[in-house]
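Asker: Below is a structure I'd like to ask you about.
The values are calculated or read from the model by the stated rules, or taken from the named source; none is laboratory data. On a predicted model such as this, the values are computed, not experimentally measured, just so you know. Here Cβ is always computed from backbone atoms with ideal geometry, including for glycine, and neighbour counts include all displayed protein chains. Note: areas computed on protein heavy atoms with side chains; ligands, DNA, RNA excluded. Shrake-Rupley method; radii C 1.70, N 1.55, O 1.52, S 1.80 Å.
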Amino acid sequence: MTERNRLRIAVQKSGRLCEGSMELLKAIGVKLSIRDRLLIAHATNLPIDLLRVRDDDIPGLVMDGVVDLGFIGENELEEKMLERQAQGKQFQYKTLERLEFGGCRLSLAVPNEMDYQSVQSLQGKKVATTYPFLLERFFREQNVNAKAVMLNGSVEVAPRAGLADAICDLVSTGATLEANGLVEKDVIFRSKAVLIQRGGEMPDGKQQLIDKLLTRINGVMQARE
Ligand code: ATP
Ligand code: ZN
């Protein structure tokens with residue numbers, strides 16, 4: 001295969017999805033010569049290149065067809081899809097497999113002292129989040145007129161800083177919430193890591209390779225059950 005025909009897979013460079021993705025690639029026999037700071041890592045035994053990027057960039061890279069496959073959290077994927085939908089941009093992709101890592105939930109949390117009966121208690125309030133499209137969709141479904149305030153970091157300190165009344169953030173244990181005087185109230189989205197493929201036709205060689213990788217992934221997942 002020529003360079004152009006190598007399968008391009010986007011993975012998170014570092015962070016919570018990195019280990020799970022790299023472990024799975026290793027388990028299905030993709031051998032890499034990873035030098036830490038490189039954007040691209042070439043597999044040594046298969047025509048595969050890994051693109052190591054921030055997780056936020058992965059849905060867009062797949063939807064724009066810049067890479068063939070990507071490992072990404074469903075939260076990030078769904079948010080990007082809603083964002084692109086709102087902008088009238090293309091958001092095509094296929095989910096190949098829901099994976100057994102990266103599990104978390106996107107939850108509404110409020111300060112300990114807030115009187116919270118249900119999501120209706122947020123009527124007219126501001127809610128800080130990194131996922132404004134997912135949050136606003138939830139508010140629409142619940143008929144709540146509340147505002148999502150976009151923050152890329154430090155979401156959990158927003159109420160104390162007077163930037164918002166409540167937050168909507170990713171939770172796995174709840175320890176961060178507790179440390180910031182917040183209580184988790186409603187789960188709005190449950191997420192796991194997924195493997196996605198770009199839309200459009202794949203050349204034969206690439207499709208065969210993808211099919212082979214998928215068969216191996218299923219084998220690994222079954223063995224781990
Ligand atoms: P990057 O530098 O790549 O942008 P990040 O800080 O945005 O990294 P991480 O914190 O590594 O991202 O989280 C990546 C993904 O891991 C999340 O989008 C989510 O799908 C998943 N995840 C699993 N557990 C958690 C958790 N407790 N908190 C946040 N994300 C989690
Ligand atoms: Zn990110």
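Asker: How many nm separate the modelled label positions at ASN45 and LYS192, each set 7 Å beyond the Cα in the direction of the Cβ?
Answerer: 2.6 nm
Asker: Still on this structure, I have one more. When the chain is fully extended, how far beyond the present Cα-Cα distance does GLU201 get from SER172, taking 0.36 nm per residue of separation?
Answerer: Difference between extended and current length: 6.7 nm.
Asker: Continuing with the same structure: How far, in degrees from 0 to 90, does helix 132-141 lean away from the longest principal axis of the Cα atoms of the chain, to the nearest 10?
Answerer: Tilt relative to the chain: about 60 degrees.
Asker: Another question, then. So how compact is the range 60-203: Cα radius of gyration and Dmax in angstrom?
Answerer: Computed over the Cα atoms of the range 60-203, radius of gyration and Dmax are 16.5, 58 Å.
Asker: Quick one: if you stick a label point 7 Å off each Cα along the C-beta vector at MET221 and ARG54, how many nm between them?
Answerer: Each label point is offset 7 Å from its Cα along the Cβ direction, giving 2.9 nm.
Asker: If you line up the long axis of helix 18-27 against the longest principal axis of the chain, both from Cα atoms, how many degrees apart are they, to the nearest 10?
Answerer: Relative to the chain, helix 18-27 is tipped by roughly 30 degrees.
Asker: On to the next question. Just want to confirm a number: the relative contact order over the range 104-191, from Cα pairs under 8 angstrom separated by 6+ residues, in percent.
Answerer: With pairs under 8 Å counted, the relative contact order is 48 percent.
Asker: State to the nearest 20 debye the size of the charge dipole of the chain about its Cα centre, where the only charges are +1 on K and R beta carbons and -1 on D and E beta carbons.
Answerer: Once rounded to the nearest 20, the dipole reads 600 debye.
Asker: On the full set of protein chains, 1.4 Å probe, figure out the accessible area of SER154 and give it in Å² to the nearest 10.
Answerer: In the full protein context, SER154 sits at about 70 Å².
Asker: Roughly how many Å² is the accessible area per residue of the chain, as a whole number, for a 1.4 Å probe?
Answerer: Dividing the accessible area of the chain by its residue count gives 53 Å².
Asker: Between VAL66 and ASN5, what length in nm is gained on full extension when 0.36 nm per residue of separation is reduced by their alpha carbon distance?
Answerer: That pair, VAL66 and ASN5, stretches by 20.7 nm at full extension.
Asker: Follow-up question, since we're still on this one. THR95 to LEU163: extension gain in nm, 0.36 nm per residue of separation minus the Cα-Cα distance?
Answerer: Computed gain between THR95 and LEU163 is 20.8 nm.
Asker: A further question follows. For an R0 of 41 angstrom, estimate the FRET efficiency from the Cβ-Cβ distance between LYS212 and GLN85 and round to the nearest 0.05.
Answerer: Efficiency computed from Cβ-Cβ geometry: 0.80.
Asker: Using a 1.4 Å probe over the heavy atoms of the protein chains, calculate the carbon and sulfur portion of the accessible area of the range 69-120 as a whole percent.
Answerer: 42 percent
Asker: Moving on to the next point. Using alpha-carbon pairs under 8 Å, 6+ residues apart, how would you state the relative contact order of the chain in percent?
Answerer: After rounding, I find 25 percent.
Asker: Return one number: the angle in degrees, 0 to 90 and rounded to the nearest 10, between the long axis of the Cα atoms of helix 204-224 and the longest principal axis of the Cα atoms of the chain.
Answerer: Long axis of 204-224 versus the principal axis of the chain: about 60 degrees.
Asker: Express the relative contact order of the range 1-95 as a whole percentage, based on alpha carbon pairs under 8 Å and six or more residues apart in sequence.
Answerer: Relative CO of the range 1-95 lands at 32 percent.
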